[in-house]
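Scroll down for the structure; my scribbles are underneath it.
The values are calculated or read from the model by the stated rules, or taken from the named source; none is laboratory data. Values in this document were obtained by computation on a predicted structure and should not be read as measured data. Please note: Cβ atoms are built from the backbone with ideal geometry, for glycine as well, and neighbour counts cover all protein chains shown. With ligands, DNA and RNA removed, areas are computed over all heavy atoms of the protein, side chains included. Shrake-Rupley method; radii C 1.70, N 1.55, O 1.52, S 1.80 Å.
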Amino acid sequence: MSRENLKKATRIFSYVKPYKWKFVIGILLITLSALFTLVVTRLWGQLGGIGTQQPTGPDLREYFNFELDFSSLSDIAIATFVLLVVQAALSFIRVLLFANVTENMMLSLRQDTYQQIVRMPMQYFNEQRVGDLNSRISADITSIQDIFTTTLAELLRQLIIIVGGVLALLWFSPTLTFIMLGTLPIVIIIAVIFGRFIRKLSKRTQDKVAESNVIVQETLTGIVNVKSFANEALEVMRYMASIREIKDFAIKGAKWRGAFASFIILFIFGAITLVILKGADLAEDESLAGEHFFSFLLITGLVAGSIGGLANLFGTLQKGIGAIENVMDILDQETEEVALSTQRENLQPNLIGNIDFKNVVFHYASREEVGVLNDLSFSIKSGEQVAIVGPSGAGKSTIASMVLRFYKPVSGSILFEGKEAKEYSLTELRNQMAFVPQEVILFGGTIQENIAYGNPDASDAEIKAAADQANATEFISQFPDGMDTVVGERGIQLSGGQRQRIAIARAVLKNPTILILDEATSSLDSESERLVQDALDKLMAGRTSLVIAHRLSTVRNATQILVLEKGKLAESGTHDDLMNIENGLYKNLIQLQGTRETFQK
Ligand code: ATP
């Protein structure tokens with residue numbers, strides 16, 4: 001645990017700040033409750049002592065001003081029960097206070113983390129695995145929660161018991177205490193070294209658990225692949241390998257934890273035995289009163305228990321500090337500047353749809369050596385239908401992502417209405433665009449909810465109209481639940497063509513100025529294709545549209561075709577222009593596709 005880690009971890013206290021008084025009162029209550037534990041233990045000692053001989057200890061009346069006779073069994077019993085009742089009440093209030101503080105904190109922390117994650121730039125999601133991000137929000141935040149609901153409070157309690165306990169012990173018998181303390185530092189040093197080592201092991205186990213979760217997630221997400229390739233056995237083996245590692249690491253960890261526990265037991269209990277022997281010796285000499293000896297033993301037990309508990313608490317604390325660091329790392333990342341307000345109407349920049357790429361150079365941050373767009377320039381006028389064609393990997397989807405401002409050019413600029421893209425806020429720009437991807441992934445709710453994603457403020461009538469325009473009404477009305485049909489996770493209960501039409505309806509509802517379309521390559525049957533194409537044509541009418549084209553029909557009707565090759569604009573113009581270029585790339589592509597389509601027919 002370095003200083004820097006600790007410093008980072010203390011930043012979590014900014015989340016406690018709004019509830020600091022409740023937290024402070026909670027801390028005071030736990031302090032009181034720990035002191036009461038000591039006093040009660042002392043009273044037990046006195047009770048036990050009465051059973052053996054008359055007490056010689058301090059008359060507690062001096063301190064508490066109670067009319068109690070501490071040589072009377074019943075009086076001490078009453079005092080003990082009163083203290084226990086008070087302590088019980090304090091503990092109840094303390095637990096509620098800490099829960100209140102923690103739950104409020106967790107609310108803000110979860111909100112901030114999630115807000116931060118969804119606002120991260122696309123590049124971040126290229127580099128992270130969904131499973132890892134998931135565990136940031138669930139596992140890490142739960143560890144932090146543990147710290148604030150129990151660990152800190154317990155730690156304080158144990159420390160008070162240890163310090164208070166040792167002081168009391170010294171008061172009863174310095175000789176005995178020194179014998180006891182003679183062994184403690186050794187145990188503590190071993191505990192610290194051990195604790196560090198165990199932390200490393202448990203971190204490795206945690207990482208392995210996360211890895212295995214990623215495998216489950218990947219397998220289940222790609223279950224179609226798994227099944228179609230009959231790779232169930234392979235996946236099971238992959239998972240088995242991973243969970244075996246968890247087991248090995250966990251057992252290795254357990255061996256060390258076991259050794260740790262044995263050490264503590266041996267030393268603490270060994271020390272207690274020594275103390276009892278020595279104490280019995282002193283009691284025999286009558287240099288130690290019987291009830292003091294009794295109290296001494298009970299408090300020693302209490303202190304020993306607390307020291308034993310400390311190691312575990314340190315473990316949880318360290319885990320929590322790691323979790324805080326992880327979460328802080330996320331909160332420290334630079335996000336996209338997207339608005340978090342859902343009020344769309346305030347954010348209209350009123351684009352009309354002129355887009356210019358000027359000498360755009362781009363490579364993905366994760367693969368700097370591979371240039372993707374190379375000095376790319378083109379202009380799209382408002383209302384134009386532009387098709388981008390080119391061989392696979394030429395950079396077509398990348399252009400679409402750049403228009404959506406998922407990535408920024410490495411050099412060169414992208415202009416909207418002649419103004420640099422960076423002069424608009426991201427939310428403003430994206431509010432004016434709609435993207436219909438190649439592989440439509442719907443959310444798990446109903447069709448209605450999925451269409452409404454295009455504009456959450458839309459009325460039912462508007463949603464219905466959008467579905468109409470997207471040629472979706474017919475198939476929707478065939479479902480018994482109509483618009484309320486649940487689409488299944490990621491839309492799995494709908495066909496490809498149906499999903500596409502829902503995505504189109506979503507775009508219709510958004511009513512964007514700029515439409516970006518990644519045409520589906522998967523061939524639909526001709527009737528579905530006609531319905532989808534017709535819906536797209538209606539959607540594109542009167543808007544600037546940028547289509548990553550795979551179908552001849554779209555390309556032919558485009559007002560401008562950009563032919564891309566290795567991130568460069570090889571040719572551009574209308575279909576007729578391009579067909580006139582002898583040996584041109586476009587002409588070749590078209591001929592190739594034409595032959596293939598004839599062949600398929
Ligand atoms: P296709 O027609 O096959 O979809 P495309 O023309 O749309 O291809 P892009 O998806 O834009 O091509 O990819 C262009 C290049 O960028 C490819 O070499 C690809 O490997 C690379 N690339 C795409 N996405 C990423 C990413 N997220 N990180 C790193 N490299 C990427």
Completion exercise
Counting only DSSP loop positions in the range 218-292, the chymotrypsin sites (Phe, Trp or Tyr not before Pro) whose Cβ has at most 14 other Cβ atoms within 10 Å are Phe229
Practice task
Determine the shape class of the chain: with a ≥ b ≥ c the square roots of the Cα gyration tensor eigenvalues, call it rounded for a/c under 1.5, and otherwise prolate if a/b is greater than b/c, oblate otherwise.
Solution key: prolate
Fill in the blank from the handout: Here the gain from full extension of Tyr239 to Asp75, 0.36 nm per residue of separation minus their alpha-carbon distance, amounts to 52.6 nm
Practice task
Multiply the residue gap between Arg530 and Gln591 by 0.36 nm, knock off their C-alpha separation, and tell me the result in nm, one decimal place.
Solution key: 19.7 nm
Completion exercise
Ordered by number, the trypsin sites (Lys or Arg not before Pro) in the range 540-569 that occupy a DSSP loop and have at most 14 other Cβ atoms within 10 Å are Lys566
Handout entry: Amide hydrogen neighbours beyond the local backbone of Thr544, cut-off 5 Å, H modeled
Key = Gly383, Leu515
Exercise for the section: Hydropathy first: keep DSSP H helices in the chain averaging at least 0.5 on Kyte-Doolittle, then drop any whose Cα extent along the axis falls short of 24 Å, and list what survives. Expected result: 20-52, 73-118, 152-172, 174-221, 232-284, 290-332
Completion exercise
Between Ser392 and Glu334, Cβ-based FRET efficiency (R0 25 Å, step 0.05) works out to 0.15
Problem - Cut-off under 5 Å, modelled amide H: who pairs with Val436 long-range - result: Ile516, Leu517, Asp518
Handout entry: Potential extension, Lys227-Ile251 segment - 0.36 nm per residue separation minus Cα distance
Key = 5.3 nm
Problem - Lys358 versus Leu415: modelled label distance in nm, points set 7 Å from Cα along the beta carbon direction - result: 0.5 nm
Practice task
Give the relative contact order (percent, whole number) for the range 393-507; include only Cα pairs under 8 Å separated by 6+ residues.
Solution key: 31 percent
Problem - Whole-number percent relative contact order across the chain, with pairs defined as alpha carbons under 8 Å at least 6 apart - result: 15 percent
Fill in the blank from the handout: Dividing the helical contributions, -39500 (n - 2.57) per DSSP H run of n ≥ 4, by the residues of the chain yields a 222 nm value, nearest 500 deg cm²/dmol, of -21000 deg cm²/dmol
Completion exercise
extent check for the range 242-397: Cα max minus min per principal axis, descending, whole Å, gives 105, 43, 23
Fill in the blank from the handout: To the nearest 0.05, the calculated FRET efficiency linking Ile179 and Trp21 through their beta-carbon distance, R0 being 51 Å, is 0.70
Practice task
Enter the Cα centre distance for the pair the range 513-586 and the range 362-430, rounded to the nearest angstrom.
Solution key: 17 Å
Exercise for the section: With all protein chains present, calculate the accessible area of Tyr114 using a 1.4 Å probe and round the result to the nearest 10 Å². Expected result: 130 Å²
Handout entry: Cross-link partners of Lys419 among lysines (Cα-Cα below 26 Å; sequence separation of 8 or more within a chain)
Key = Lys358, Lys381, Lys396, Lys408, Lys510, Lys568
Exercise for the section: Please calculate the 1.4 Å probe accessible area of His575, with all protein chains present, and give it to the nearest 10 Å². Expected result: 20 Å²
Handout entry: Distant-in-sequence amide H partners of Gly444 (H built 1.01 Å from N, under 5 Å)
Key = Arg490
Practice task
Give the cross-link partners of Lys203 among the lysines, using a straight C-alpha distance below 26 Å as the criterion and excluding same-chain residues fewer than 8 apart.
Solution key: Lys7, Lys8, Lys247, Lys252, Lys255, Lys319
Problem - Inter-site label distance for Asn350 and Leu28 at 7 Å from Cα along Cβ, in nm - result: 6.0 nm
Fill in the blank from the handout: Here, Ala365 and Leu35, labelled 7 Å along Cα→Cβ, have an inter-label distance in nm of 5.3 nm
Practice task
Would you please classify the overall shape of the range 292-342 from the alpha carbon gyration tensor, given that a ≥ b ≥ c denote the square roots of the eigenvalues, rounded means a/c under 1.5, and beyond that prolate means a/b larger than b/c while oblate covers the rest?
Solution key: prolate
